[in-house]
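Some notes on the structure that comes next.
The values are calculated or read from the model by the stated rules, or taken from the named source; none is laboratory data. On a predicted model such as this, the values are computed, not experimentally measured, just so you know. Every residue, glycine among them, receives a Cβ derived from its backbone with ideal geometry; neighbour counts consider all protein chains shown. Please note that ligands, DNA and RNA were not included when accessible areas were found on the heavy atoms of the full protein model with its side chains. Shrake-Rupley method; radii C 1.70, N 1.55, O 1.52, S 1.80 Å.
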Amino acid sequence: MDTFATRSSSIDWKCRAATRLSNGIIELTVLTGGGHLAEFRFLSQTGIQSPNVFWEAPWISVDPTDNRLPELARVYGEVEIGRFLAGFTGHALCLDRFGEPSTEQAAAGLTLHGEAGVRNWNVMQPANTSEAVCQWNVRLPVAQLRLERQILLGNRESVVYVKESVYNERNNDHLCHWVQHATFGPPFLNPAECTVGASAWRGMTSPSGYEDCSLLKKSREFVWPYAPREESEEAAVDLRYPFSTKRRGFLAGVQMDPSRQVQYILAVNWKLRLGVGYCFRQQDFPWMAIWEENCARSSSPWNASTQARGMEFGTTPMPPGPSETFPGCELFDTPVWCTIPASGTRKMQYVIFLVKIPIGMNTIENVEAKGDAIQFYGDHGDASLSIPAHGCEAFLSADNAPDGTIELQQ
């Protein structure tokens, strides 16, 4: 039997329809309902201890077609919010809205974070194949957009290549949000053993705080990773350390380093010596929204017992209020939305990776996609570690037209 056999197969994940991709090194599970990336791990045959690195919703979650959805949506909050939370886990795609809908949008059928996360996606090619690749599509009728996503696991790599394409059915340009809601949490991400990192530059805390339990001051500029603490005029919170203060949460938007063409985010469990991260193009996703829920929300389904850290890279720094769509034109001289041209298509792409960190490497200060590898740099600026990632630099190159025409070799 080939230890490194590749496959794509239809499975049930916690009673939800899903596709699991495996290449003998890693496996990735993608839900049909909402398109959520639900599970990502090293396979046990690698000898690496690897829990699911994505956050798993601790409450009952269902697909958009499940007959329990209406009841759960009501239990989990206002219906337009509860519909999203009832299906949300792991990495969600927020399209074409990031944040809560306005009253008018909710009446039209929009939910928290747009339509993509609450629609059933269609598998476009046979889910059961001997290749670690799959393609989905979904139509967003309110936004009048059509989305296609292709996911490929690199051959004998711990790297995932993702391409997303959105077609605008309207005869006029469509302004929208396009955000990758990557979310981490226990048991992988915890306060005692973990850090997060990013090629971030400067940020702004949320103007509305975090309900009545914000860890950060409202509407304050800061330089990554230190953000102003709510109860102090001088103290700062180091955002690289998750879940530092229980019963508090926060929301902030951070501009990615504009001097880079390719950005990264990274979460590391130093006890497991395990890291997960993303590399993506500045031209696609110039922002990261940082969200942390640390047992702060007492309402259902949070129940004052949920820990989640969102490192949400996208076209928008943070969710606007329900009455806002695109507040202001720019922040830090950078647009806060993207445009899908009239009757046209926009495509974006990124990679996800898992990395086993060797003993003796105790910090990672930078991550770069170079040639056929992803390289990790320690505190002395040297490339201390690399993992194979065939064609990753070309895949993420700003020299490539953003129509994502690169063909990957398996």
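How charged is the neighbourhood of residue 13? Take every other residue with its Cβ under 12 Å from the Cβ of residue 13, and add Lys/Arg as +1 and Asp/Glu as -1.
With Lys, Arg at +1 and Asp, Glu at -1, the net is -2.
Which order do the peptides 206-214, 115-123, 242-250 take when ranked by the mean count of other beta-carbon atoms within 10 Å per residue, highest first?
Listed from highest to lowest mean packing, they are 115-123, 242-250, 206-214.
Can you give the charge dipole size of the chain about its Cα centre, rounded to the nearest 20 debye, using +1 on the beta carbon of Lys and Arg and -1 on the beta carbon of Asp and Glu?
740
Amide H neighbours of residue 237 under 5 Å, at least 5 residues apart or on other chains, H built in the peptide plane: list them.
It is 227, 229, by chain and number.
Sort the range 79-225 into rounded, prolate or oblate with this rule: let a ≥ b ≥ c be the square roots of the eigenvalues of the Cα gyration tensor; rounded if a/c is under 1.5, and if a/c is not under 1.5, prolate when a/b is larger than b/c, oblate otherwise.
oblate
Testing the spin-label approximation: label points 7 Å from Cα along Cα→Cβ at residue 144 and residue 232. State their distance in nm.
5.2
For the chain, count the residues as N, evaluate 2.2 N^0.38 Å, and divide the Cα radius of gyration by that value, please.
0.92
Would you mind checking which residues have amide H under 5 Å from residue 274's amide H? H placed 1.01 Å from N; only 5 or more apart, or other chain.
Under 5 Å from the amide H of residue 274: 269, 357.
How large is ³J(HN,Hα) for each residue in the range 269-281, as worked out from phi by the Karplus curve 6.51 cos²θ - 1.76 cosθ + 1.60 (θ = phi - 60°), to whole Hz, x for Gly and Pro?
Calculated HN-Hα couplings, in order: 9, 6, 6, 7, 6, 10, x, 9, x, 9, 10, 8, 7 Hz.
What ³J(HN,Hα) values, in whole Hz, does the Karplus curve 6.51 cos²θ - 1.76 cosθ + 1.60 give for the range 230-235 when θ = phi - 60°, with x put for Gly and Pro?
4, 8, 9, 7, 10, 6
Excluding residue 168 itself, calculate the net charge of residues whose Cβ lies under 11 Å from the Cβ of residue 168, where each Lys or Arg counts +1 and each Asp or Glu counts -1.
0
Roughly how many percent of the accessible protein surface of the chain is carbon and sulfur, given a 1.4 Å probe and a whole-percent answer?
That fraction is 47 percent.
Please work out the Cα center distance from the range 340-376 to the range 293-320, rounded to the nearest Å.
Answer, in whole Å: 24.
Taking a 28 Å limit on the Cα-Cα distance, which of the listed pairs 246/271; 246/370; 217/246 fall beyond it?
Checking Cα-Cα distances, 246/370 exceed 28 Å.
Would you mind calculating the gained length between residue 173 and residue 44 on full extension (0.36 nm times residue separation, minus the Cα-Cα distance), in nm to one decimal?
So the extension gain works out to 41.7 nm.
Work out from phi, with θ = phi - 60° and the Karplus expression 6.51 cos²θ - 1.76 cosθ + 1.60, the ³J(HN,Hα) of each residue of the range 168-180, listed in order in whole Hz, and give x for Gly and Pro.
With coefficients 6.51, -1.76 and 1.60, one gets 8, 7, 7, 8, 9, 4, 10, 7, 7, 9, 8, 10, 8 Hz.
Please work out how much length the chain gains when fully extended from residue 304 to residue 219, using 0.36 nm per residue of separation minus the C-alpha to C-alpha distance, in nm with one decimal.
28.1 nm
Just add up the charged neighbours of residue 25: K/R +1, D/E -1, any other residue whose Cβ is under 10 Å from the Cβ of residue 25.
With Lys, Arg at +1 and Asp, Glu at -1, the net is -1.
When ranked by the protection proxy of mean other Cβ atoms within 10 Å per residue, highest first, what sequence do the peptides 290-296, 265-271 form?
290-296, 265-271
Once R0 is set to 30 Å, what does the formula 1/(1 + (r/R0)^6) return for the Cβ-Cβ distance between residue 129 and residue 397, expressed as a FRET efficiency to the nearest 0.05?
In this case the efficiency is close to 0.55.
Just the accessible area per residue of the range 231-350, please: how many Å² with a 1.4 Å probe?
Accessible area per residue, the range 231-350: 35 Å².
If amide hydrogens are placed 1.01 Å from N in the peptide plane, which non-local residues have theirs closer than 5 Å to the one on residue 124?
Hits under the 5 Å cutoff: 135, 136, 137.
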